[in-house]
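The values are calculated or read from the model by the stated rules, or taken from the named source; none is laboratory data. This one's a predicted model, so the numbers in the text were calculated from it and none came from an experiment. Here the Cβ is made from the backbone with ideal geometry for all residues, glycine too, and neighbour counts use every protein chain on show.
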Amino acid sequence: MSALKRDVEALLFASGEPLSVTRMVQALTRPEAPSQQEIDGALAELQCDYPQNGDRGFELLRLAGGWAFRTNPECRAVVAALFEVPEESVRLSPAAMEALAVVAYLQPVSRPQIAEVRGVNSDSCVQTLVERELIAEVGRGQSAGGALLYGTTLRFEVMFGLAGVEDLPDLADFELGDDQKLELRRRLGLLAIPE
């Protein structure tokens, strides 16, 4: 194993969050910092050593704009047993998942906008998502009162295995029927706007 590959592996292991190649270059200041291409080469080798869905206990993935080690999903039950985390405390309710989807696709978005899309009050769901660090305040709206705006976090991207929000499935893949489109447009107050 080359010294660079070893050092990149150590950085990824110690980091605890996805690391960009730029950050790795900054951290690897030896007599001379490695180039981005050299680090890309080391990452490619490590990805062969720790492939996604491989036979190792963890895998190297491109997540949240960087690189990170993640526990192999096949080991989930073993790791959960180690930490004795009840399944119910990790799982999101259908309402929270719905609110999270609204934030992910419409961010930045306010609580009233989330509630408008869902058709019900979403304060509890939003609070749960903030507590679990899946969404965070990202600013204030321009309208009177300046409602808080929410967006997804790096933790969201890591938990859902995304390199970035641009990796979310295209909404076109979730084709709505005419009745569903009409109801969504009604909830959004868009009935007067042509498709």
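Quick rundown of the values:
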read-out: Restricting segment 139-175 to residues that are out of contact with any Asp or Glu (no Cβ under 9 Å at 6 or more places or on another chain) and of a type in the set (A, V, I, L, M), the residue that is farthest from residue 103 (Cα to Cα); value: 144
read-out: Residue match in segment 124-139 (condition: farther than 25 Å from residue 17 by Cα and touching a helix residue (DSSP H, G or I) at 6+ places or on another chain (Cβ under 6 Å)); value: yes
read-out: Hits in segment 9-21 - residues which are under 21 Å from residue 162 (Cα atoms) and surrounded by 11 or more Cβ atoms within 10 Å (Cβ to Cβ); value: 9, 11, 12, 13, 15, 17, 18, 19, 20, 21
read-out: Count of segment 97-127 residues which are touching a Cys at 6+ places or on another chain (Cβ under 9 Å) and surrounded by 20 or more Cβ atoms within 10 Å (Cβ to Cβ); value: 3
read-out: Every pair of residues 6+ apart whose Cβ atoms lie under 6 Å, when the first sits in segment 1-20 and is in the same structural domain as residue 69 (by TED's automatic domain parsing) while the second is small (Gly, Ala, Ser) and in a strand (DSSP E or B); value: 18/66; 18/68; 19/66; 20/66
read-out: Selected residue (criterion: surrounded by the most Cβ atoms within 10 Å (Cβ to Cβ)) from residues of segment 26-56 that are aliphatic (A, V, I, L, M) and assigned to a loop (DSSP other than H, G, I, E, B); value: 28
